[in-house]
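Heads up, the thing below is written out as structure tokens.
The values are calculated or read from the model by the stated rules, or taken from the named source; none is laboratory data. In this text the structure is predicted, and so the values were computed from the model without any measurement. Cβ coordinates were reconstructed from backbone atoms using ideal geometry, including for glycine residues, and neighbour counts include every protein chain displayed. These accessible areas exclude ligands, DNA and RNA; they are computed on the full protein's heavy atoms, side chains included. Shrake-Rupley method; radii C 1.70, N 1.55, O 1.52, S 1.80 Å.
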Amino acid sequence: LAEAATPERLEDDWITNFFDKCRLISDEEMQILWSKVLAGEASAPGRYSKRTVSILASLDKSDAALFTRLCSFNWVVENFAPIVFDANDNIYTEAGIFFGALQHLDKIGLISFEPLAGFQRMKLPQKIVISYYGELVEIAFPTTTGQSDNRLDIGNVLLSKAGQELAGVCGSASAPGFLEYTISKWKSMGLQVVHLHQSAGAVR
């Protein structure tokens with residue numbers, strides 16, 4: 001728990017729902033995930049919705065492991081954003097992330113997967129700083145697009161509300177080579193991308 005935690009503020013309904021859902025969880029790794037959710041809610045009541053707890057209760061260990069692998073591709077672009085440009089690229093398939101896996105995560109409520117249309121962050125300023133596991137990257141958009149109407153392509157996957165809430169506690173780690181892969185992709189779209197440095201003490 002955080003030093004400033006106020007577990008006495010936890011809602012009775014939330015606590016009742018939480019322990020009703022987790023009482024049959026026997027796998028140690030899944031218990032750790034549940035404990036992180038409980039600690040997070042006690043530190044900041046309202047952080048995890050009851051719907052997120054219900055989705056967590058429905059996950060098999062393999063589902064949780066798959067979601068954790070996906071989160072290794074999470075950039076912080078305003079919030080967590082798993083950047084998946086092409087699920088057929090080796091960098092994804094070698095991590096066990098492929099078309100069918102993304103469809104499954106969509107079906108169980110952790111992501112939205114749009115293999116054709118994709119997603120963008122919109123109405124961005126001419127320069128932004130985003131991060132990948134503490135590595136800071138500056139992106140500059142072409143000046144012809146204006147100072148506050150820029151769009152950044154973030155691929156075909158968007159985390160659901162439950163996915164956002166669980167991404168920070170799933171235990172993911174950065175994927176080797178993915179920082180360079182993503183920078184190369186954005187550069188090929190005509191963006192100026194500069195890898196700044198690793199922020200001191202940064203946590204994704």
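Counting residues in segment 71-154 as N, plug N into 2.2 N^0.38 Å and put the Cα Rg over that result.
It is 1.21.
I'd like the carbon and sulfur percentage of the solvent accessible area for segment 1-157, probe radius 1.4 Å, heavy atoms only, ligands and nucleic acids excluded.
Summing carbon and sulfur atoms, their accessible area is 50 percent of the total for segment 1-157.
Putting +1 on Lys and Arg Cβ atoms and -1 on Asp and Glu Cβ atoms, find which of G177, L1, S188 reaches farthest to the positive end of the dipole of the chain.
The one lying farthest along the dipole's positive direction is S188.
Provide S72, S188 ordered by accessible surface of protein heavy atoms (probe 1.4 Å), highest first.
S188, S72
Using amide H atoms built in the peptide plane, which far-off residues or other-chain residues are under 5 Å from G155 H to H?
F119
Please state the shape class of segment 142-194: rounded when a/c is under 1.5, otherwise prolate if a/b exceeds b/c and oblate if not, all from the C-alpha gyration tensor.
Oblate, since a/c reaches 1.5 and b/c is not below a/b.
Could you estimate the translational diffusion coefficient of segment 50-95 from the Stokes-Einstein equation, with Rh from the Kirkwood formula over C-alpha pairs, at 10 °C and 1.306 mPa s, in whole µm²/s?
Once the numbers are plugged in, D ends up at 131 µm²/s.
As an exercise, take the mean of 1/r over every pair of distinct alpha carbons in the chain, invert it, and state the Kirkwood radius in angstroms.
Kirkwood radius, the chain: 18.2 Å.
Modelled label-to-label distance, V194 and L136, 7 Å Cα→beta-carbon offset: nm?
That separation, rounded to one decimal, is 1.2 nm.
Between segment 4-41 and segment 125-193, how many Å separate their Cα centres?
So the separation of the two Cα centres works out to 31 Å.
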